[in-house]
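Notes to accompany the following structure.
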Amino acid sequence: MHSFEFERPTSVDEAVALFKQHGDNARALAGGTDLIVQMRIGRRTPGVVVDMKHIPEVSQITWDPESGLTVGASVPSHELYNNRDVRDQYRGLIDSVEMIGGTPIQGRASVGGNLCNAAPSADGIPALIALGAVCNIAGPDGGRELPVEQFCTAPGQNAMADNEFLVSLFLPKPAENSGARYIRFIPRNEMDIAVAGAGVSVVLENGNFKSARVALASVAPTPLFVEAAGSALAGKPVNDESIQAAADAAKAAATPISDMRGTVEYRKHLCEVLTRRALNDAVARARG
Ligand SMILES: Cc1cc2nc3c(=O)[nH]c(=O)nc-3n(C[C@H](O)[C@H](O)[C@H](O)COP(=O)(O)OP(=O)(O)OC[C@H]3O[C@@H](n4cnc5c(N)ncnc54)[C@H](O)[C@@H]3O)c2cc1C
């Protein structure tokens, strides 16, 4: 691996100053399960690696029963699924972080790093989109917020400038009678990239869908927010016909490629199947 400087800021302000000074020559480090691999093969060659894990706002989980959950960008998966509040309130997110890599990877891999890496196949991102998560971004001009569905701009690219970084993710408190689910298809039990994935959330009211959000993995250049699938459900009765209409909308929105993991046709078919199954599971969770 190439030589690089290593910085370990302990405050957001210190990190802002470092990224302002070094710009695109600096790279944030969370768990390193993407970054170190990419540096070893020369895909990324930062001159300065900035370890974010000693900045309190970037490394903590904060649950506010009134407003919701704030997850620091470098919080590893295992801290999320071992946190009682997160398990109780955000089961769709737990679905995804429990399937990233395996146990050793989950000891390090963060959902913030998963998002910033911006892989179309990232398992954490559809769940974040479905749950309405918002990015808290810091930079030299102060902080700004961005919905997760607007964050990924192309494979491996995101909407942050070179001198910005992700501080945390905010997930609003789940509504009454709501449920969420993330599922993916891989040809084996674990340690593989999703052929396709579906993250959904639903809110139920008097036997109808009050609202719903659907997002897909691995079927477009970025994780895909399928607004049409949520719209197909809003105000409709909770039954197979409504869910099928949403699953069909997800299939129609997908623009996958054919590769060694699956063809376009196969992936589009998976979008329909996974969306339907995830919605049925989310409804079951919403009903308790
Ligand atoms: C064996 C193995 C199996 C895997 N399996 C899966 C899987 O099943 N599903 C899946 O989705 N992924 C998988 N991954 C990929 C990886 O583990 C995840 O993407 C992980 O969540 C990345 O988090 P991290 O904390 O390790 O990020 P890092 O590697 O530290 O960072 C990832 C990227 O985000 C940037 N970054 C990190 N923090 C910030 C910040 N605060 N601000 C700005 N940029 C930042 C980094 O510069 C880097 O570009 C696997 C990886 C390995 C090695």
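Quick rundown of the values:
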quantity	calculated
Three-way shape label, the chain, alpha-carbon gyration tensor, a/c 1.5	prolate
Ranked packing of 149-156, 217-224, most packed first, by mean Cβ within 10 Å	217-224, 149-156
Sum of -39500 (n - 2.57) over DSSP H runs of 4+, divided by residues of the chain (222 nm, nearest 500)	-9500 deg cm²/dmol
Of 114, 206, 177, the one that fluctuates the most in a GNM where the chain has Cα springs shorter than 10 Å	206
Normalised contact order of region 118-179, rounded percent, pairs of Cα under 8 Å and 6 or more residues apart	39
Cα gyration tensor, region 140-182 - rounded (a/c under 1.5), prolate or oblate	oblate
10 Å binning of all Cα-Cα separations within region 61-211, expressed as whole percents from 0 upward	11, 42, 35, 11, 1
Principal axis dimensions, region 26-136 - Cα atoms, whole angstrom, descending	43, 26, 24
Local net charge near residue 58, Cβ-Cβ under 15 Å (Lys/Arg +1, Asp/Glu -1)	-3
Relative contact order (percent, whole number), region 90-241, Cα cutoff 8 Å, 6+ residue spacing	26
Helix 12-22 axis, angle to the chain major axis (alpha carbon atoms, nearest 10°)	70
Distance between region 96-128 and region 221-259 - C-alpha centres, whole angstrom	23
Most positive-pole-ward Cα, 270, 177, 215, against dipole of the chain from beta carbon charges	270
Overall form of region 112-183 per C-alpha gyration tensor (a/c, 1.5; a/b vs b/c)	oblate
Net charge, residue 241 excluded, C-beta distance under 15 Å - Lys, Arg +1, Asp, Glu -1	-1
Phi to ³J(HN,Hα) by Karplus 6.51 cos²θ - 1.76 cosθ + 1.60 over region 76-91, Hz, x for Gly, Pro	x, 3, 5, 5, 5, 7, 9, 9, 4, 5, 5, 4, 5, 9, 10, 5
With DNA, RNA and ligands ignored, accessible area of residue 6 (1.4 Å probe; Å², nearest 10)	100
The chain, relative contact order in percent, only Cα pairs under 8 angstrom and at least six apart counted	16
Centre separation in Å (Cα based) which lies between region 54-77 and region 130-164	16
Nearest-10 value in Å² for the accessible area of residue 210, using the 1.4 Å probe	120
In Å², nearest 10: area of residue 61 left accessible to a 1.4 Å probe	40
Helix 264-286 vs. the chain, principal-axis angle (Cα, 0 to 90°, nearest 10)	80
Top positive-direction residue, dipole computed over region 60-209 with Cβ charges, set 137, 63, 86	86
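The values are calculated or read from the model by the stated rules, or taken from the named source; none is laboratory data. Note that the structure is a prediction, hence the values are computed from the model and not measured. Don't worry about glycine lacking a Cβ; one is built from the backbone with ideal geometry, like all the others, and counts go over all protein chains shown. Areas reflect the complete protein model, heavy atoms only, side chains present, ligands, DNA and RNA absent. Shrake-Rupley method; radii C 1.70, N 1.55, O 1.52, S 1.80 Å.
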